[in-house]
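Here is the structure we will look at.
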Amino acid sequence: MSAPAPAPVLLGVSLKMYFGHHQTLNWARRIAALAERHPAVTSGAARLFVLPAFPALVPATGILAPYGVALGAQDIATEDSGPYTGEVGGPVLKEIGCRYAEVGHAERRRLYGEGDTVVAAKTAAALRNGLTPVLCVGERDEADPADAAARTVAEAERLLSGARGAVVLAYEPQWAIGAPEPASADHIATVCTALREWLDDNPRHAGSTVIYGGSAGPGLLTRLAGTAGGLFLGRFAHDPANVEAILDEIRSPAPAAVA
Ligand SMILES: O=C(CO)COP(=O)(O)O
């Protein structure tokens, strides 16, 4: 019997607030062209998702969805509808075709004062609306890998207590975001393996994936050698050539032998 096919590598991109609107759509067209022709994507070995700013979600879905690239929002309201000026709720995100909603990013925690209660409520809002939360976890200051793993698993446990459903756990050590280099492969492997083991012990979150973010770029997947389920990209995805280089690191399954 042949071994089961490995899970697809999940590559997410958050555009944060870097690009203008037309720049976002031009970038999306280049990513769509890449997804259409790259064997890692067409074979199903890699899955891509993109989180643009809210106004780009609808037009970017039109550009990317036909090539299997999923869309998501960078934030979600804790409530589904009502008097919440400036917020965007899960039902609307679902209605316009989002598959993901990011919650708990270090920038939202640091700059907008979001704490665990809000992050857990946003995670619950995503799940009850049929969206997969991209839940960011990770230590604030550089720590040794075992310590970082223990703290990050405890954080995931806290944020997901009472939640049920598949999530994307994005391990983003806060000190590695916006840095010249990602955390070391050893560090990432230790924490992502601990998160994976914790998820595997929690059937409530069957189907979940662990990815790494924080100055991730070409070469990192190879160094990680399968210890993370994928990457969550920021600046290094601005140049589509880097996304292509990362896809090149993902082995597509060999075509079936012809008898
Ligand atoms: O925060 C990140 C993804 O959400 C990572 O951003 P950078 O890769 O730019 O550090």
Condition (residue is in a loop (DSSP other than H, G, I, E, B), in contact with a helix residue (DSSP H, G or I) (Cβ under 6 Å, 6 or more places away or on another chain) and within 21 Å of GLY207 (Cβ to Cβ)) applied to region 78-96: is it met by at least one residue?
no
Between a residue in region 227-241 that is free of Cβ contacts under 8 Å to residues at least 60 places away in the same chain and closer than 16 Å to GLY178 by Cβ and any residue that is within 12 Å of the ligand (Cβ to nearest atom) and in a helix (DSSP H, G or I), which pairs come within a Cβ distance under 8 Å, given they are 6 or more apart or on different chains?
PHE236/ASN242
What number of residues within region 208-249 are touching a Pro at 6+ places or on another chain (Cβ under 7 Å) and away from the ligand (no atom under 14 Å from the Cβ)?
1
Scan of region 9-25 for residues that are part of a loop (DSSP other than H, G, I, E, B) and either open to solvent by 30 Å² or more (accessible area, probe 1.4 Å) or farther than 20 Å from ILE96 by Cβ (or both), ordered by number
LYS16, MET17, TYR18, PHE19, GLY20
Being within 15 Å of the ligand (Cβ to nearest atom) and out of contact with any Asp or Glu (no Cβ under 8 Å at 6 or more places or on another chain) is the filter here, so list the residues in region 95-131 that pass it.
TYR100, GLU107, ARG109, ARG110, LEU111, TYR112, GLU114, VAL119
When the residues of region 216-247 are filtered to those that are assigned to a helix (DSSP H, G or I) and open to solvent by less than 30 Å² (accessible area, probe 1.4 Å), which remaining residue is nearest to ASP200 (Cα to Cα)?
LEU224
Just a yes or no: is a residue in region 52-59 open to solvent by less than 10 Å² (accessible area, probe 1.4 Å), under 30 Å from THR227 (Cβ atoms) and touching a residue at least 12 places away in the same chain (Cβ under 8 Å)?
yes
Just checking, how many residues over region 26-61 are more than 16 Å from the ligand (Cβ to nearest atom), within 19 Å of LEU233 (Cβ to Cβ) and part of a loop (DSSP other than H, G, I, E, B)?
2
Under the condition of being of a type outside the set (Asp, Glu), touching a residue at least 24 places away in the same chain (Cβ under 8 Å) and open to solvent by 10 Å² or more (accessible area, probe 1.4 Å), which residue from region 111-121 is nearest to THR209 (Cα to Cα)?
ALA120
Any chance you could count how many residues in region 161-182 are among the hydrophobic types (A, V, I, L, M, F, W, C) and more than 11 Å from the ligand (Cβ to nearest atom)?
5
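The values are calculated or read from the model by the stated rules, or taken from the named source; none is laboratory data. The structure displayed is predicted, hence computed values, not measured ones. Every residue, glycine as well, gets a Cβ built from its backbone with ideal geometry; the counts of neighbours run over all protein chains shown. Side chains included, ligands, DNA and RNA excluded: accessible areas come from the protein's heavy atoms. Shrake-Rupley method; radii C 1.70, N 1.55, O 1.52, S 1.80 Å.
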